[in-house]
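Engineer: Just passing along the structure, written as structure tokens.
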Amino acid sequence: MVVPDFEELIMTATYTMDVFSSLDGFGTATGDWGGYWGKQGPELLEHRLGLYDNPQRMVFGANTYRAFASLLSAGTEEAVLDEWVTRMRHMPATIVSSTLTEPLDWPDATVVSGDAVEVVGRLKQESAVPLRSHGSLSMNRALMAAGLVDRVQVTVFPVITGQTGTGPIFAGAADFDLELLDARTLDGNIQELTYRPTLHPTPN
């Protein structure tokens, strides 16, 4: 009987980087766009809610957590009151930070200090449920470079924000080849694209 190598039996949790984007690659914008750049519809909101039907663990950097906590406490953005956000907030979360301390304004949040690559590497080995991160751009760019991101899910809204766009999603990222795993159109004009990223070989 052939005994399989123990390392081959180790299952790692899938990690999904989930971002909203304008067509020109910005995650946010100044001006009067509002949440979702004003382009959301019922199909998008229903689909977003469905993404949180199954158990999973959220992973955030400190800045993204602070942004969520500020918006949720203020209630100034209609988008943060959507049902999918409420459901996401009740998922367990790991906050990678050397400055935040518990308790946090999140029902089931754990603060873990240290390098994000090391923290998420351990989480992928230990978590019994998939991992998902919404936003946290700089952290996720580092995780992609380390080969820890299994899926990049980009929801592209039908806007170009050349004058008002902020938070360029992939600025400074490594080079990647992308395998398209899923594509869908929501509300007739919003695209959700899910890719498997692979580091593009660097010429010697």
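The values are calculated or read from the model by the stated rules, or taken from the named source; none is laboratory data. Computed from a predicted structure; not experimentally measured. Note that each Cβ is placed from the backbone with ideal geometry, even for glycine, and that neighbours are counted across all protein chains shown. Please note that ligands, DNA and RNA were not included when accessible areas were found on the heavy atoms of the full protein model with its side chains. Shrake-Rupley method; radii C 1.70, N 1.55, O 1.52, S 1.80 Å.
Engineer: From the list Gly188, Gly135, Gly114, Gly167, pick out the single residue that is over 17 Å from the mean Cα position of the chain (by Cα) and closer than 30 Å to Gly41 by Cβ.
Structural biologist: Of Gly188, Gly135, Gly114, Gly167, the one residue that is over 17 Å from the mean Cα position of the chain (by Cα) and closer than 30 Å to Gly41 by Cβ is Gly188.
Engineer: Could you check how many residues of region 91-132 are open to solvent by 70 Å² or more (accessible area, probe 1.4 Å) and either among the small types (Gly, Ala, Ser) or out of contact with any His (no Cβ under 8 Å at 6 or more places or on another chain) (or both)?
Structural biologist: 13
Engineer: Shifting gears a bit: In region 45-83, which residue that is among the hydrophobic types (A, V, I, L, M, F, W, C), modelled with pLDDT under 90 and more than 18 Å from Pro103 (Cβ to Cβ) is surrounded by the most Cβ atoms within 10 Å (Cβ to Cβ)?
Structural biologist: Val80
Engineer: Here's something else I'd like to know. Being among the hydroxyl-bearing types (Ser, Thr, Tyr), in a loop (DSSP other than H, G, I, E, B) and touching a strand residue (DSSP E or B) at 6+ places or on another chain (Cβ under 8 Å) narrows it down to one of Thr155, Thr185, Thr194, Thr161, so name that one.
Structural biologist: Values: Thr155 fails: in a loop (DSSP other than H, G, I, E, B); Thr185 fails: in a loop (DSSP other than H, G, I, E, B); Thr194 fails: in a loop (DSSP other than H, G, I, E, B).
Thr161 is the lone residue from the list that is among the hydroxyl-bearing types (Ser, Thr, Tyr), in a loop (DSSP other than H, G, I, E, B) and touching a strand residue (DSSP E or B) at 6+ places or on another chain (Cβ under 8 Å).
Engineer: Is region 134-142 home to any residue that is open to solvent by 40 Å² or more (accessible area, probe 1.4 Å), polar (S, T, N, Q), modelled with pLDDT of 90 or more and over 24 Å from Thr28 (Cβ atoms)?
Structural biologist: No, region 134-142 has no match at all.
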